[in-house]
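Novice: Structure in structure tokens, see below.
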Amino acid sequence: MFVLLARVGKTTLVQKACEALLSSGVGVEGFYTEEVREGGRRVGFDVVTLTGERGHLSRIGLLPFIVFKHTVGQYVVDLPSFEHVALPLFTKLRSAGSSSMKVFVIDEIGKMELFSQSFIRAVRQTLDSPYVVLGTIPVPKGRPLGLVEEVRSRRDVKVVHVSKENRDALLQDILTTLQECLKRAA
């Protein structure tokens, strides 16, 4: 299952879903991205695991472009930091096997994350496996992002459009869908 959002509280919705799943005894692993602010101004994004490990995803003026090579708007993407935090989660999931069924969170599959070929491979492998995924993809704008369009068009993915108007009402629908997916996967 993937949630489609555009700066409307998507991470908060994902976090609430994770809390509810954990309180009902469902295992949850994965990561989310979080805005980093200094003095009220957004200066970048971090990748944060559900166990609290944190690393840079991007920053404004992080280091010279020559070192990091990838930018999205004013943000310099710190690919080594992102991969150091996110990729081991996919490895851990695969090594645990489907015997320990849980929900795997990928927040998000976006432009910054897609600079990592290893991340792209890991997401594809995970989606082609029996795992239940709660993830986020961006609203289409500009040039299509290959993996995002793959995810959006998969038959085994439910895309939920989230807006400021419906985000609070969606939590129960998302939880119900995830529980149904877990039952089918068991």
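Novice: Can you pull out every residue in the stretch 148-176 that is outside any helix (DSSP H, G or I), open to solvent by less than 80 Å² (accessible area, probe 1.4 Å) and out of contact with any strand residue (DSSP E or B) (no Cβ under 6 Å at 6 or more places or on another chain)? It would help to see each step written out before you state the result.
Specialist: Pass one, the stretch 148-176, residues outside any helix (DSSP H, G or I): 154-166.
Restricting the remaining residues to those that are open to solvent by less than 80 Å² (accessible area, probe 1.4 Å) gives 154, 157, 159-160, 162-163, 166.
Across the stretch 148-176, the qualifying residues are Arg154, Ser163, Asn166.
Novice: Spot the failing condition for Leu5; the list is (1) at pLDDT below 90; (2) surrounded by fewer than 19 Cβ atoms within 10 Å (Cβ to Cβ); (3) under 13 Å from the mean Cα position of the chain (by Cα); (4) not aromatic (Phe, Trp, Tyr), and only one is missed.
Specialist: (2)
Novice: Right, something else. Residues that are of a type in the set (Ser, Thr, Tyr) and out of contact with any Asp or Glu (no Cβ under 6 Å at 6 or more places or on another chain): does the stretch 71-80 have at least one?
Specialist: Scanning the stretch 71-80, I find at least one residue that is of a type in the set (Ser, Thr, Tyr) and out of contact with any Asp or Glu (no Cβ under 6 Å at 6 or more places or on another chain), so the answer is yes.
Novice: Here are the criteria: (1) surrounded by fewer than 20 Cβ atoms within 10 Å (Cβ to Cβ); (2) at pLDDT below 90. Tell me which single one Arg41 does not satisfy.
Specialist: (2)
Conditions tested, residue by residue: (1) surrounded by fewer than 17 Cβ atoms within 10 Å (Cβ to Cβ); (2) not in a helix (DSSP H, G or I).
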| site | (1), (2) |
| --- | --- |
| Ser81 | no, no |
| Ala86 | no, no |
| Leu89 | no, no |
| Phe119 | no, no |
| Pro140 | yes, yes |
| Arg184 | yes, no |
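Novice: Any idea how many residues of the stretch 83-95 are out of contact with any helix residue (DSSP H, G or I) (no Cβ under 7 Å at 6 or more places or on another chain) and within 13 Å of Leu114 (Cα to Cα)?
Specialist: 0
Novice: Any idea which of Phe104, Phe115 is under 18 Å from the mean Cα position of the chain (by Cα), among the aromatic types (Phe, Trp, Tyr), at pLDDT 90 or above and open to solvent by 20 Å² or more (accessible area, probe 1.4 Å)? Walk me through it before giving the result.
Specialist: Details: Phe104 fails: open to solvent by 20 Å² or more (accessible area, probe 1.4 Å).
After applying the criteria, what remains is Phe115.
Novice: Just to be sure I understand, how many residues within the stretch 110-132 are in contact (Cβ under 8 Å) with a residue 40 or more places away in the chain and within 23 Å of Gln179 (Cβ to Cβ)? Before you say what the answer is, go through the steps one by one.
Specialist: Going residue by residue through the stretch 110-132, those that are in contact (Cβ under 8 Å) with a residue 40 or more places away in the chain are 110, 112-113, 115, 130-132.
From the residues that got through so far, the ones that are within 23 Å of Gln179 (Cβ to Cβ) too are 130-132.
Here the count works out to 3.
Novice: Do any residues in the stretch 133-148 that are under 26 Å from Leu89 (Cβ atoms) have Cβ atoms under 7 Å from those of residues that are surrounded by fewer than 17 Cβ atoms within 10 Å (Cβ to Cβ) and aliphatic (A, V, I, L, M), where the two are at least six apart or on different chains, and which pairs are they?
Specialist: Between residues of the stretch 133-148 that are under 26 Å from Leu89 (Cβ atoms) and residues that are surrounded by fewer than 17 Cβ atoms within 10 Å (Cβ to Cβ) and aliphatic (A, V, I, L, M), the close pairs are Pro138/Ala6; Val139/Ala6; Leu147/Ile120.
The values are calculated or read from the model by the stated rules, or taken from the named source; none is laboratory data. From a predicted model like this one, the values you see are computed outputs, not experimental measurements. Note that we place each Cβ from the backbone using ideal geometry, even for glycine, and neighbour counts take in every protein chain shown. Just so you know, the surface numbers come from the protein's heavy atoms only, side chains and all, with ligands and any DNA or RNA stripped out. Shrake-Rupley method; radii C 1.70, N 1.55, O 1.52, S 1.80 Å.
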